[in-house]
Amino acid sequence: MTAPSNSAANDLTGEAHALGAQSLCASGISIPHCPDDDAVASWGQASPLSLNDYSRMGNRQTAARKVNDAIYLALGFSNTFLVRTDDGNVVIDTSSPVSAKKHYELLRKVSEAPVRYVILTHGHADHTGGLRYWMEPETKLVVQQNYIEFQNYQERLRAYLGRTGAAQFGLDPGTLNAFRVPEKHFEPAITFGDKYEFVLGGTKFEIFSTPGETYDHLCVWLPKYKAAFVGDNYYESFPNIYTLRGTKPRWALDYMASLNKILALEPEIVLPSHGEPLVGKEKIVERLTRYRDAILYVHDATIKGMNEGKDVFTLMREVKLPSELNVGEAYGKVDWSVRGIFDGYVGWFDLNPATMYDQPPTAAEPELVRMAGGAEAVATRAKALAVSNPVVASRLADAALMVEPKSKSALEAKLAALKSLQSASRNLIEGAWLTTAIRETKRSLSSAK
């Protein structure tokens, strides 16, 4: 996918990682309090974000945030940073197409000096979506060398990721046209492997490869200000080591090594691309160390269980973070990450000989439904379990629908199970996938017999 994206789905698939701060008010879930549009600093809240929350982030910001005399922040779903020097500006990340224009206007009020460099922490479209505003004729675009292949990967899967990205953030694909923006491709002027550095106006910029969120991920280090721009390798939730929309493996050990690289710099300011800056050396060490250790704990527990012969679903149930490493699960989830780690190491085969063949795991379900007395009987049982065991209820309803695709009873059972799951959800992505499934089930129900 070339940057910037012209699709809200691809805009939002770039890991909307600011997480847990707002509510599902716009999605119709009843919660006690719907915070202000700019309340993105209140991490760890009980309820996940909705798409409307994303689109409002930073809406009330009337001026760019001053981090220090040189660094300014436009806050949003994905942040944009401007670094002033005596010889022009450097922009780090450009936000999503939805927020980019406002970020540009806010930061241009800070300085109208030429933009000498734009640095992208990685190639997700919520970071590349404002390039069209910032790229002047002499501006140099700086990326890690894997950025080009990452863009090609996203372009090859454009249609697939468009569909799954929409679902992951609760979007109805029919609304995507409202988010389309002019598309223009910008070729990087500078690509690098492990490290690149330059000096502009007396300020040294050191750029390191820090894979984690993506394999083209980088960190920008300003020794003069002891400031590290860490992109999406840190935010206030367990990371999305596996994202449900689909991704190449995100290696837990890469996250760990990249966080160690940042910690070794001994920063006094850490600037994530989602959420508020961390300020203070002790606070940074505590937060980043706990984050790193949480990732390593989940990785090691998964590997230990694999070597003990445990299957992936057992490990998804068993692996839990100890209280001292609980960094929240408002965006990434530990159980999804366990499966991502498991499958990343050994792939899709689950050691069951039946899996070797082209019949899906659900191939026997129509026969079982018939043996159980038919779709109506199975749907009745699904309804009975919709609250006490909604996952099983949802699977039973799906099995019944394989036999009778327009069974009103089965669709009603599925809808009840999905709503039960959503009422218990405290995770942004989980809640959005359930929102998508509920919407589709309602549509099917409206035309059912």
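The values are calculated or read from the model by the stated rules, or taken from the named source; none is laboratory data. The structure presented is a predicted model; accordingly, all values stated were derived computationally and were not measured. Here Cβ is always computed from backbone atoms with ideal geometry, including for glycine, and neighbour counts include all displayed protein chains. Just the protein is used for accessible areas: all its heavy atoms, side chains included, with ligands, DNA and RNA removed. Shrake-Rupley method; radii C 1.70, N 1.55, O 1.52, S 1.80 Å.
Taking the range 218-260 only, how many residues are hydroxyl-bearing (Ser, Thr, Tyr) and more than 21 Å from Val346 (Cβ to Cβ)? Write out each step before concluding.
Going through the range 218-260, the residues hydroxyl-bearing (Ser, Thr, Tyr) turn out to be 225, 234-235, 237, 242-243, 247, 255, 258.
Okay, now just the ones that are also more than 21 Å from Val346 (Cβ to Cβ), so 225, 234-235, 237, 258.
Summing the residues that are hydroxyl-bearing (Ser, Thr, Tyr) and more than 21 Å from Val346 (Cβ to Cβ) in the range 218-260 gives 5.
Give me a count of the residues in the range 201-235 that are open to solvent by 10 Å² or more (accessible area, probe 1.4 Å) and more than 20 Å from Gly340 (Cα to Cα).
11
Inside the range 409-449, can you point out the residues that are among the hydroxyl-bearing types (Ser, Thr, Tyr), out of contact with any Gly (no Cβ under 7 Å at 6 or more places or on another chain) and in a loop (DSSP other than H, G, I, E, B)?
Of all residues in the range 409-449, those among the hydroxyl-bearing types (Ser, Thr, Tyr) come to 409, 420, 423, 425, 435-436, 441, 444, 446-447.
Within this subset, residues satisfying the condition of being out of contact with any Gly (no Cβ under 7 Å at 6 or more places or on another chain) are 409, 420, 423, 441, 444, 446-447.
Within the range 409-449, just Ser447 meets the criteria.
Taking the condition free of Cβ contacts under 8 Å to residues at least 60 places away in the same chain and in a strand (DSSP E or B), does Val83 pass?
So Val83 fails the test.
Asn240 versus (1) in contact with a Phe, Trp or Tyr (Cβ under 8 Å, 6 or more places away or on another chain); (2) open to solvent by less than 60 Å² (accessible area, probe 1.4 Å); (3) modelled with pLDDT of 95 or more: which is the lone unmet condition?
With respect to (1) in contact with a Phe, Trp or Tyr (Cβ under 8 Å, 6 or more places away or on another chain); (2) open to solvent by less than 60 Å² (accessible area, probe 1.4 Å); (3) modelled with pLDDT of 95 or more, Asn240 is out only on (3).
Only one of Arg156, Arg132, Arg108 is of a type in the set (Lys, Arg) and under 30 Å from Glu430 (Cα atoms); which? Explain how you work it out, then say what you get.
Details: Arg132 fails: under 30 Å from Glu430 (Cα atoms); Arg108 fails: under 30 Å from Glu430 (Cα atoms).
Answer to the selection: Arg156.
Within the range 261-290, can you find the residues that are touching a Leu at 6+ places or on another chain (Cβ under 9 Å) and under 23 Å from Asp194 (Cα atoms)?
Once the filter is applied, which keeps residues that are touching a Leu at 6+ places or on another chain (Cβ under 9 Å) and under 23 Å from Asp194 (Cα atoms), the range 261-290 yields Ile262, Leu263, Pro267, Ile269, Val270, Leu271, Pro272, Leu288, Thr289.
Looking at the range 332-344, is at least one residue of a type in the set (Val, Ile, Thr), free of Cβ contacts under 8 Å to residues at least 60 places away in the same chain and within 16 Å of Gly246 (Cα to Cα)? Even if it seems obvious, please write down each step before you answer.
So in the range 332-344, the residues of a type in the set (Val, Ile, Thr) come out as 334, 338, 341.
Now drop any that are not free of Cβ contacts under 8 Å to residues at least 60 places away in the same chain, which leaves 338.
Checking the rest, the ones that are also within 16 Å of Gly246 (Cα to Cα) come to 338.
Scanning the range 332-344 turns up at least one residue that is of a type in the set (Val, Ile, Thr), free of Cβ contacts under 8 Å to residues at least 60 places away in the same chain and within 16 Å of Gly246 (Cα to Cα).
Conditions (1) modelled with pLDDT under 85; (2) within 20 Å of the chain's Cα centre (by Cα); (3) polar (S, T, N, Q), marked per residue:
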{"residue": "Phe150", "(1), (2), (3)": "no, yes, no"}
{"residue": "Leu157", "(1), (2), (3)": "no, yes, no"}
{"residue": "Ala167", "(1), (2), (3)": "no, yes, no"}
{"residue": "Val181", "(1), (2), (3)": "yes, no, no"}
{"residue": "Ala189", "(1), (2), (3)": "no, no, no"}
{"residue": "Lys195", "(1), (2), (3)": "no, no, no"}
{"residue": "Phe208", "(1), (2), (3)": "no, no, no"}
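Suppose we filter Lys383, Lys406, Lys310 for residues that are assigned to a helix (DSSP H, G or I), out of contact with any His (no Cβ under 6 Å at 6 or more places or on another chain) and more than 24 Å from Gln168 (Cα to Cα); which single one remains?
It is Lys383.
Of these, Glu276, Glu329, which one is surrounded by 22 or more Cβ atoms within 10 Å (Cβ to Cβ) and outside any helix (DSSP H, G or I)?
Numbers: Glu276 fails: surrounded by 22 or more Cβ atoms within 10 Å (Cβ to Cβ).
Exactly one of Glu276, Glu329 is surrounded by 22 or more Cβ atoms within 10 Å (Cβ to Cβ) and outside any helix (DSSP H, G or I), namely Glu329.
Out of curiosity, is Arg426 basic (Lys, Arg), closer than 25 Å to Asp335 by Cα and either touching a residue at least 60 places away in the same chain (Cβ under 8 Å) or touching a strand residue (DSSP E or B) at 6+ places or on another chain (Cβ under 9 Å) (or both)? I'd like the intermediate steps shown before the answer.
Values: basic (Lys, Arg): yes; closer than 25 Å to Asp335 by Cα: yes; either touching a residue at least 60 places away in the same chain (Cβ under 8 Å) or touching a strand residue (DSSP E or B) at 6+ places or on another chain (Cβ under 9 Å) (or both): yes.
When the stated conditions are applied, Arg426 passes them.
Please pick out the residue among Leu296, Leu263, Leu321 that is at pLDDT 95 or above, under 24 Å from the mean Cα position of the chain (by Cα) and in a loop (DSSP other than H, G, I, E, B).
So the residue among Leu296, Leu263, Leu321 that is at pLDDT 95 or above, under 24 Å from the mean Cα position of the chain (by Cα) and in a loop (DSSP other than H, G, I, E, B) is Leu321.
Sort out which residues of the range 248-264 are open to solvent by 40 Å² or more (accessible area, probe 1.4 Å) and either touching a Lys or Arg at 6+ places or on another chain (Cβ under 8 Å) or under 24 Å from Gln154 (Cα atoms) (or both), and write them in order of number.
Of everything in the range 248-264, those that are open to solvent by 40 Å² or more (accessible area, probe 1.4 Å) and either touching a Lys or Arg at 6+ places or on another chain (Cβ under 8 Å) or under 24 Å from Gln154 (Cα atoms) (or both) turn out to be Lys248, Pro249, Trp251, Leu253, Asp254, Met256, Asn260.
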